[in-house]
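Working notes, beginning with the structure itself.
The values are calculated or read from the model by the stated rules, or taken from the named source; none is laboratory data. Model, not experiment: these values are computed from the prediction. No Cβ is skipped: glycine too gets one built from the backbone with ideal geometry, and neighbour counts run over all protein chains shown.
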Amino acid sequence: MTEPTTDHVTLHLASVLPSVEAVEQTAESFAQKAGFDEDDIGHIALVCREAAVNAVVHGNKYDPGKEVTADFDLTDDALSVRIGDQGSGFNPNEIPDPLAEENLLRTHGRGVFLMRAIMDEVHFRQLTPGTEITLKKHRTTREADK
Amino acid sequence: MTEPTTDHVTLHLASVLPSVEAVEQTAESFAQKAGFDEDDIGHIALVCREAAVNAVVHGNKYDPGKEVTADFDLTDDALSVRIGDQGSGFNPNEIPDPLAEENLLRTHGRGVFLMRAIMDEVHFRQLTPGTEITLKKHRTTREADK
Amino acid sequence: MDIKIRHVEGVTVLDLSGKITMGEGSGQLRSALTDALSAGSKKILVNLGGVSYVDSSGLGELVGGYTTVKNAGGEMKLLNLSKKVKDLLVITKLLTVFDVSEDEASAIASFS
Amino acid sequence: MDIKIRHVEGVTVLDLSGKITMGEGSGQLRSALTDALSAGSKKILVNLGGVSYVDSSGLGELVGGYTTVKNAGGEMKLLNLSKKVKDLLVITKLLTVFDVSEDEASAIASFS
Ligand SMILES: Nc1ncnc2c1ncn2[C@@H]1O[C@H](COP(=O)(O)OP(=O)(O)O)[C@@H](O)[C@H]1O
Ligand SMILES: Nc1ncnc2c1ncn2[C@@H]1O[C@H](COP(=O)(O)OP(=O)(O)O)[C@@H](O)[C@H]1O
């Protein structure tokens, strides 16, 4: 894994599945640069990937003419990843709880839940049109020292 | 393959190999929209991928903090694909001819040659820093009618 | 994803390898399970030892497979989870759904 | 890329499948060929029937493999090229380097 030489990068990606891998790999290298431990790096990369899947699949519905933006920002305090799409939006308050008894056997609906479980902060913002999700994980003093 | 709903898209990609797949898939969908035949679509997608590989590998050397840009533009006349990197540049006139007897068995050095063989126009431009390559393929009347 | 099929003491073992993610082998597990069920297997052990990576779609694949087998009157268990996959099953409470084991012999023996 | 190995009438046949591209199985063909050579094979047929995709790096892999076999005193031929792969060999003049055939039986027979 090559670590990025900058602390900030903004990507404008096509709405195709390989973009999701690119987001994951970029998140992994930023998380590594941030000094998170191996488990955290894997989890952070996974949920950034989940957010990118949602942007490509639910948001832009695979239209290669619509962009997915991915913004990675590493500060002394935290790693923030922002994923935007140009889809028709949705209401994040209406996402069913995947831990509820009646949802436990559903084959979908665990992506946003995983993001919330793994990151310290998850915010949604409505774009016109589209959705922007911000995923943030704080560095501990130990990590920021690296 | 989903056709793009626009005739123009600019991507800013991370310097990781999945970006190369994303460029290929996007080129494929634009070539399809342009109405090229199946063989041409495959060839166009291949050489756009080659240009992206060069940008990631030779140009940005996998630094995920350096961007690869990919610009797709479909006009009545032609499909143009522009790939830019932030590397240290090179002299395209110094690329050895892979068809020369002494180069025929080399394991590298066929990428730019394939681009020139398959596209109608291939131009290099030096950026500061980096390289921009433009690949252009003209549509015939039949294709533009689609 | 790659699936190889073995039969051990009346149990059908599916050895999965690769990734189970959005876009990689979606539906593959389900169809391997359906095949095993139509061939008469009711005891199915899914070996994830070779699986490097599962995302939320992959979790969905596993759950969907579990339901398919259960609805057909069979039993599906999981074997050899990596730490990363196990973490995800804990977070999503799916560890309360699946019967998971780390040792093939005892997993095989555990089928009634 | 996946490589399966068969032996047919003194010829080692490598059945390749998948993609031969930058990042996908680079070096895999070369090491399979080296293994075959050290096992004493001199007649090697590379079956590209299952190969959907080759890029310029993949062409390089094929050329590199050819050289490896030749330098070891062996012979390497190609079988079952798709139209797309054949087009690339034509454009790059590699069709003048490789012995290519479309029929396994006659390819096997052609080894002296
Ligand atoms: N970017 C997005 N644009 C539109 N809808 C979205 C987006 N992200 C999530 N959603 C909606 O929220 C739901 C829950 O998403 P998620 O928890 O990731 O599970 P899944 O993708 O498996 O359904 C999705 O099914 C979709 O309806
Ligand atoms: N974007 C680029 N930045 C720097 N060097 C490049 C770039 N593109 C091509 N080159 C140089 O040109 C050479 C020939 O490229 P190419 O024909 O694609 O073959 P290959 O990549 O297999 O070497 C490369 O080896 C590299 O030295």
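For this structure, a couple of remarks:
- Filter result (within 11 Å of chain D (Cβ to nearest Cβ), surrounded by fewer than 18 Cβ atoms within 10 Å (Cβ to Cβ), near ligand 2 (Cβ under 8 Å from one of its atoms) and touching a residue at least 12 places away in the same chain (Cβ under 8 Å)) within the range B:85-139: B:G109
- Condition check for C:L16 on (1) out of contact with any strand residue (DSSP E or B) (no Cβ under 6 Å at 6 or more places or on another chain); (2) more than 20 Å from A:L105 (Cα to Cα); (3) crowded, with 18+ Cβ neighbours inside 10 Å: one failure, at (1).
- Filtered residues of the range C:87-110 (kept if closer than 19 Å to C:I44 by Cα, more than 13 Å from the chain's Cα centre (by Cα) and crowded, with 18+ Cβ neighbours inside 10 Å): C:I108
- Looking across the range A:6-39, the residues that are at the interface with chain B (Cβ under 7 Å from one of its Cβ atoms) and touching a residue at least 60 places away in the same chain (Cβ under 8 Å) come down to A:V9, A:T10, A:L11.
- The one condition in (1) away from ligand 1 (no atom under 16 Å from the Cβ); (2) of a type in the set (D, E, K, R); (3) modelled with pLDDT of 95 or more that A:D76 fails to fulfil: (3)
- Take the conditions (1) basic (K, R); (2) within 14 Å of chain A (Cβ to nearest Cβ); (3) over 30 Å from A:V57 (Cα atoms); C:K84 misses just one of them, which is (3).
- Flag for B:E3 being more than 10 Å from chain A (Cβ to nearest Cβ) and either more than 15 Å from the chain's Cα centre (by Cα) or within 16 Å of ligand 1 (Cβ to nearest atom) (or both): no
- Condition broken by B:R82, with the remaining ones in (1) basic (K, R); (2) touching a Pro at 6+ places or on another chain (Cβ under 6 Å); (3) surrounded by fewer than 24 Cβ atoms within 10 Å (Cβ to Cβ) satisfied: (2)
- Matching option when the condition is within 16 Å of ligand 1 (Cβ to nearest atom), within 11 Å of another protein chain (Cβ to nearest Cβ) and of a type in the set (V, I, T), among A:V81, A:V57: A:V57
- Flag for D:S26 being among the hydroxyl-bearing types (S, T, Y) and either within 22 Å of D:D103 (Cβ to Cβ) or away from ligand 2 (no atom under 16 Å from the Cβ) (or both): no
- The single condition among (1) buried (at least 20 other Cβ atoms within 10 Å of the Cβ); (2) part of a helix (DSSP H, G or I) that C:K77 does not satisfy is (2).
- Conditions (1) more than 16 Å from ligand 1 (Cβ to nearest atom); (2) surrounded by fewer than 24 Cβ atoms within 10 Å (Cβ to Cβ); (3) within 12 Å of chain B (Cβ to nearest Cβ); (4) not aliphatic (A, V, I, L, M): number failed by A:G42: (3)
- Options C:S17, C:S31; residue that is part of a strand (DSSP E or B) and modelled with pLDDT under 95: C:S17
- Tally of residues being among the aromatic types (F, W, Y) and free of Cβ contacts under 8 Å to residues at least 60 places away in the same chain across the range C:88-112: 1
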